[in-house]
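Data first, discussion second: the structure below is written as structure tokens.
Taken together, the values in this text are just the output of simple stated rules run on the coordinates, not laboratory data. Computed from a predicted model, the values in this text were never measured in an experiment. Because the Cβ atoms are built from the backbone with ideal geometry, glycine has one as well, and the counts that use them run over all protein chains shown.
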Ligand SMILES: *Cc1c(COP(=O)(O)O)cnc(C)c1O
């Protein structure tokens, strides 16, 4: 399917039809698979042939989902996980040894940050941070034991944009594994492998499902690294449920058309907020005022679904804003068809100290909006009445 365009392969790359000649891929709710005879059983377990043995290892629905994402990202192989965090944790756990060092961008998903600070030290895995806004310092922060450089772009919730090509070149030069959490962009807007990433991680829970129904995660990249992640995961059991894989495969069929509308709505809301008297600042990658507008234009097809802004009047004004919102949901998810407003300081990033929050650009008045697929007039009307 390599020669087909993104939208076409998202739809047409599917499981082979069964004897029933179904048009849409069926759901394979089975924990295990049968063998023809003793020799088939022996050779299957010896991995002399590629086939399904047990759904902790592989399942047709998971394979279809993985195959779609690999094509979208330009990756050789992948493994699907029960959640985005299962993908993040299993990827690190499969690749890192005691004594290794992670060099991570400062602004990462809250739970990823907690892995660095709370759990990895137990296994003698050390993390230090680089600033996405000061990439000229990146190279000097590499240590002799640095195994992984890790980045997210756009970041959560600051929607900062990191120059992935720059980071990728430095990782390559020092022979370090470069991992990108591409969740905020989705594979439709940005393919980090083009910029030198060895592995790309997604929370499938966000734009990939896009309708707030299932938790999922996936890691794709080079066959060599995915083999290690697969070995670890087939033993430890973080595999995605086939039901969720089936839901996601259907969701990916509409990824391009959905994300186009998300981005169109988000840019309109960001533009509206920029001229609002009660707003201090607005950040959205495709606003000309964004610090890294040029990099965003270079590496992304459009700006994504997340807009962040600061309300004038700090915590008190923020509380009033959230209490006045009527249509948009107060929730912690993003990439949903329903627009969502979140207060990062008291929710997703509450585990960070105030100092750590400020370092990643989260003030008490910061509001994150995940712009959904409702009509833009209704989204703006609700935000406008809450702001006033
Ligand atoms: C949500 C999210 C995750 C974690 O995904 P879950 O599916 O919630 O476990 C990781 N990284 C980013 C950037 C996210 O937004």
Within region 163-230, which strands (runs of 3 or more DSSP E) (wholly inside it) include 2 or more residues that are more than 16 Å from the ligand (Cβ to nearest atom)? 177-181
Taking into account only those residues within region 87-100 that are over 12 Å from residue 226 (Cα atoms) and surrounded by fewer than 24 Cβ atoms within 10 Å (Cβ to Cβ), which is nearest to the ligand (Cβ to nearest atom)? 89
Does any residue in region 76-96 that is over 11 Å from residue 217 (Cα atoms) come within less than 6 Å, Cβ to Cβ, of a residue that is in a loop (DSSP other than H, G, I, E, B) and more than 8 Å from the ligand (Cβ to nearest atom) six or more places away or on a different chain, and which pairs are these? 76/222; 96/125
Of the residues in region 255-286, how many are crowded, with 20+ Cβ neighbours inside 10 Å, in contact with a strand residue (DSSP E or B) (Cβ under 8 Å, 6 or more places away or on another chain) and not in a strand (DSSP E or B)? 5
Single condition residue 241 does not satisfy, out of (1) surrounded by fewer than 21 Cβ atoms within 10 Å (Cβ to Cβ); (2) in contact (Cβ under 8 Å) with a residue 12 or more places away in the chain; (3) more than 27 Å from residue 385 (Cβ to Cβ); (4) more than 14 Å from the ligand (Cβ to nearest atom): (4)
